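Comments concern the structure below.
The values are calculated or read from the model by the stated rules, or taken from the named source; none is laboratory data. On a predicted model such as this, the values are computed, not experimentally measured, just so you know. Don't worry about glycine lacking a Cβ; one is built from the backbone with ideal geometry, like all the others, and counts go over all protein chains shown.
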């Protein structure tokens, strides 16, 4: 059964290239290009799009990498690009025509962050600019004329769970912890100081939910449901999405919380990086959660 667009519940929804093409001239819409490199945007972007790097979203805190910038820091950036709270913001990425370094996660990372800081109308372009280009739709190299705004950021802390609370509830019977990293990293040694995964975490690689030819494009609903069912992901549980640094987890948080409307979904932003920064915390290697 085909999706009806915008698809989802809450502040983040999925839209198709066809839907966007029919709304390009909407006065209250901002296109936010989050391609992996500024040169990708300079070379080609959807007409009217403003560029913003996801590198502006996180910074080290007390020596630990990957923490979200403070509310006021995000507010400064949002004002600089002309973001307004009542805007419909369409976020898209691509593999990148210059560097070719895009993995598709740029758009869920940005979409989650916009919602995290208070945006209520965020749209993610299914398939990103690569699908847009494949359909022969317009591209541009012009930069839009934007004015600074008076955007006020708020933190939606109900979307995420911090370390202390995470550690308290992660092993409760009604809680399911997901790890969105690739299987080899989940089971063995990645770049972290310890190998494996957080005890109890079920491996749900984020790419298993995406089109293998286009990592910015979701699989069909029946395929997604098959993957979730195979992992035991059900609506009666509190789902905590995690990964290595909290970036891959945004893909599954946005899918479960906003597109599919699961009632109890949180994201552990610190993820495996924060967990392993505490030497006493154990990890598990191999394919089993425990």
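If you check 203, 225, 211 for being surrounded by fewer than 16 Cβ atoms within 10 Å (Cβ to Cβ) and under 20 Å from the mean Cα position of the chain (by Cα), only one passes: 225.
In summary, residue 124 fulfils each of the numbered conditions (1) within 20 Å of residue 6 (Cβ to Cβ); (2) more than 17 Å from the chain's Cα centre (by Cα); (3) part of a strand (DSSP E or B) with the single exception of condition (2). The criterion of at least 2 residues that are farther than 21 Å from residue 92 by Cα is met, among helices (runs of 4 or more DSSP H) falling completely within region 183-290, by 183-187, 221-231, 271-275.
Only one entry of 48, 66 meets the criterion of being modelled with pLDDT of 95 or more, surrounded by 14 or more Cβ atoms within 10 Å (Cβ to Cβ) and at positive phi, and that entry is 48. Note on region 257-273: residues that are touching a strand residue (DSSP E or B) at 6+ places or on another chain (Cβ under 8 Å), closer than 29 Å to residue 9 by Cβ and either crowded, with 22+ Cβ neighbours inside 10 Å or touching a residue at least 40 places away in the same chain (Cβ under 8 Å) (or both) total 11. Reported count of residues in region 86-102, each being surrounded by 17 or more Cβ atoms within 10 Å (Cβ to Cβ) and assigned to a loop (DSSP other than H, G, I, E, B), is 7. Cβ-Cβ distances below 6 Å connect no pair with a first residue in region 64-90 that is without any contact (Cβ under 8 Å) to a residue 12 or more places away in the chain and in the same structural domain as residue 25 (by TED's automatic domain parsing), a second residue that is surrounded by 19 or more Cβ atoms within 10 Å (Cβ to Cβ) and not in a strand (DSSP E or B), and a separation of six or more residues or different chains. Flag not set for residue 222, criterion: in contact with a strand residue (DSSP E or B) (Cβ under 9 Å, 6 or more places away or on another chain) and either touching a residue at least 12 places away in the same chain (Cβ under 8 Å) or over 15 Å from residue 180 (Cα atoms) (or both).
Looking for something modelled with pLDDT of 95 or more, closer than 27 Å to residue 264 by Cβ and in contact with a strand residue (DSSP E or B) (Cβ under 7 Å, 6 or more places away or on another chain) - is there at least one such residue anywhere in region 135-146? Within region 135-146, none of the residues are modelled with pLDDT of 95 or more, closer than 27 Å to residue 264 by Cβ and in contact with a strand residue (DSSP E or B) (Cβ under 7 Å, 6 or more places away or on another chain).
Sort out which residues of region 23-39 are in a loop (DSSP other than H, G, I, E, B) and more than 22 Å from residue 84 (Cβ to Cβ), and write them in order of number.
Across region 23-39, the qualifying residues are 35, 36, 37.
Take the conditions touching a strand residue (DSSP E or B) at 6+ places or on another chain (Cβ under 8 Å) and modelled with pLDDT of 95 or more and apply them to residue 57. Does it pass? Considered against the rule, which asks whether it is touching a strand residue (DSSP E or B) at 6+ places or on another chain (Cβ under 8 Å) and modelled with pLDDT of 95 or more, residue 57 comes out as yes. With respect to (1) without any contact (Cβ under 8 Å) to a residue 40 or more places away in the chain; (2) touching a strand residue (DSSP E or B) at 6+ places or on another chain (Cβ under 6 Å), the lone exception for residue 212 is condition (2).
Would you pick out the residues in region 118-152 that are surrounded by 13 or more Cβ atoms within 10 Å (Cβ to Cβ), farther than 27 Å from residue 207 by Cα and in contact with a helix residue (DSSP H, G or I) (Cβ under 6 Å, 6 or more places away or on another chain)? Of everything in region 118-152, those that are surrounded by 13 or more Cβ atoms within 10 Å (Cβ to Cβ), farther than 27 Å from residue 207 by Cα and in contact with a helix residue (DSSP H, G or I) (Cβ under 6 Å, 6 or more places away or on another chain) turn out to be 149, 151.
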